[in-house]
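The values are calculated or read from the model by the stated rules, or taken from the named source; none is laboratory data. Given the structure is predicted, the values throughout are model-derived calculations rather than measurements. Neighbour counts are summed over all protein chains in view; Cβ atoms, including those assigned to glycine, are modelled from backbone coordinates with ideal geometry.
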């Protein structure tokens, strides 16, 4: 719920020894600290205005806190601007037509302004600027070798797969039937495959490029259309 830490059982930890990570390295940590600090300073007025708009239009805390799984399987608290009604419950994935999302929340989500507080997570070392998106513990399966690989690195605010699924909520709105079943059975494997493809080719330059493309997608949303539902279904067929 909004304004509270969404907790769950602690999951077993994985080794995060860098010698075991079969991936390239991205933007150096020292550079990320500087960039995230500058980002927070520059975006502070925008965060304050957004928070004031949330407080004026909906009840509850203006900051959403939720437990996510980070590097090595360690959980941390992710910060975002609140976009959903606190009194309503539902799945931990959100479709574009989800009634829990407030009017102000829809505007913030569309512009990705709700994610600006995640720069605090980068500053703290929980996340990187670029990396696979962190999941809630409920959706992480440590028996899955793909998850075990993805959790060798810090999660991030953006990455090529996240950029491609920038309009994920619009995609989920097309789903007929149980939303969580589709997410866990089809969309999450699609994401994991994309995360690993990116990580295997990762470099500091590729991360800079992703940051640039993410900024362009915020200004020009049409440059990042979601993959067609058929593509995700075809991936599932190929796995079976």
When residues of region 151-195 are limited to those that are over 12 Å from residue 227 (Cβ atoms), in contact with a helix residue (DSSP H, G or I) (Cβ under 8 Å, 6 or more places away or on another chain) and assigned to a loop (DSSP other than H, G, I, E, B), the one modelled with the lowest pLDDT: 175
Single residue of region 73-102 satisfying the filter (modelled with pLDDT of 90 or more and not in a loop (DSSP other than H, G, I, E, B)) that is surrounded by the most Cβ atoms within 10 Å (Cβ to Cβ): 78
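How about region 39-71: which of its residues are assigned to a helix (DSSP H, G or I) and touching a strand residue (DSSP E or B) at 6+ places or on another chain (Cβ under 8 Å)?
47, 50, 51, 54
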Hey, residue 105 surrounded by fewer than 16 Cβ atoms within 10 Å (Cβ to Cβ) and either assigned to a helix (DSSP H, G or I) or at pLDDT below 95 (or both) or not: no
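Scan region 164-187 for residues that are touching a residue at least 12 places away in the same chain (Cβ under 8 Å) and more than 14 Å from residue 109 (Cα to Cα) and report the count.
Just the residues of region 164-187 that are touching a residue at least 12 places away in the same chain (Cβ under 8 Å), to begin with: 164-175, 179-180, 183-187.
From what is left, the residues that are more than 14 Å from residue 109 (Cα to Cα) are 164, 171-175, 179-180, 183-187.
Of the residues in region 164-187, 13 are touching a residue at least 12 places away in the same chain (Cβ under 8 Å) and more than 14 Å from residue 109 (Cα to Cα).
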Residues satisfying the stated conditions in region 6-36, i.e. at pLDDT 90 or above and exposed (fewer than 14 other Cβ atoms within 10 Å of the Cβ): 28, 29, 30, 34
Residues (more than 20 Å from the chain's Cα centre (by Cα) and in contact (Cβ under 8 Å) with a residue 12 or more places away in the chain) located in region 52-71: 53, 54, 57, 58, 59, 60, 61
Failed item in (1) in a loop (DSSP other than H, G, I, E, B); (2) at pLDDT below 95, with residue 132 passing the rest: (2)
Residue 143 out of contact with any helix residue (DSSP H, G or I) (no Cβ under 8 Å at 6 or more places or on another chain), at negative phi, in a loop (DSSP other than H, G, I, E, B) and surrounded by fewer than 20 Cβ atoms within 10 Å (Cβ to Cβ): yes
